[in-house]
Amino acid sequence: MYKINEIFYSIQGEGHNAGCAAVFVRFSGCNLHCPFCDTHHQDGTLMSAEDICKEVAKYPAPMVVLTGGEPSLFADAPLCDALHAIGKTIAMETNGTRPVSVPIDHITCSPKFEFNDAGQAKLRLSRIDELKVVFIGNNDMSLYEGIVAANYYLQPCDTGNQEETKKIVRQTLDYILQHPKWKLSLQLHKILNVR
């Protein structure tokens, strides 16, 4: 059984697959405690892999995004095999603090080095398709220099304060212009005011 916060259908708003239709399976629970997290970890419904697949199959998108919380705490081979069996491609959004040994098609790692005690957020992934850093304007970007990934994205943090967020967006653009290996990731779902 898996503790599911919610399953919903929308567009992927961030990173490499931004703009693609996807079914989001949001798990409850995380091993980190970031101040900007948008998941209510106490909420959740216990569901079997079969229950999850029945809900996911209601939507036509080929992509399922396992998110959270921290999906690597919960996603296992039976769930991934069941999703693949109904023709879905699986993407996972992880903080990277746990190894991923299940069959995931696309791994987005968003490390949280600066939001947790030293050592707690150490990376333990052997493969990263997309490294996505939430930029707060004064990040120590040297923490990310040695991380090997297929794609690198910098995403300005939405602080909830319009003026502060605008300042962070400007700093993000400046950083990318000076370090062009990084691409801009915007939260399209927030810009478009969709789920």
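The values are calculated or read from the model by the stated rules, or taken from the named source; none is laboratory data. Every value quoted in this text rests on a predicted model; they were computed, and no experiment measured them. So basically every Cβ, Gly included, is an ideal-geometry build from the backbone, and we count neighbours across all protein chains shown.
Below are the figures for this structure:
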{"item": "Residue that is modelled with the lowest pLDDT, among those in segment 58-90 that are closer than 14 Å to Arg26 by Cα and part of a loop (DSSP other than H, G, I, E, B)", "result": "Gly69"}
{"item": "Residue within segment 82-105 that is under 17 Å from the mean Cα position of the chain (by Cα) and of a type in the set (Lys, Arg) present", "result": "yes"}
{"item": "Long-range neighbours under 6 Å by Cβ, at least six apart or interchain, first residue more than 21 Å from Ser185 (Cα to Cα) and hydroxyl-bearing (Ser, Thr, Tyr) within segment 89-112, second assigned to a loop (DSSP other than H, G, I, E, B) and at pLDDT 95 or above", "result": "Thr89/Pro62; Thr89/Asp105"}
{"item": "Residue check for Asp158: among the acidic types (Asp, Glu), surrounded by 17 or more Cβ atoms within 10 Å (Cβ to Cβ) and touching a His at 6+ places or on another chain (Cβ under 7 Å)", "result": "no"}
{"item": "Residue check, Ile176 farther than 29 Å from Val56 by Cα, in contact with a Gly (Cβ under 8 Å, 6 or more places away or on another chain) and part of a helix (DSSP H, G or I)", "result": "no"}
{"item": "Segment 125-154 residues that are loosely packed, with under 14 Cβ neighbours inside 10 Å, paired with ones that are outside any loop (DSSP other than H, G, I, E, B) and of a type in the set (A, V, I, L, M) (beta carbon under 8 Å, 6 or more apart)", "result": "Arg127/Ile107; Met141/Val133"}
{"item": "Flag if Thr108 is within 28 Å of Pro156 (Cβ to Cβ), of a type in the set (S, T, N, Q) and at pLDDT 95 or above", "result": "yes"}
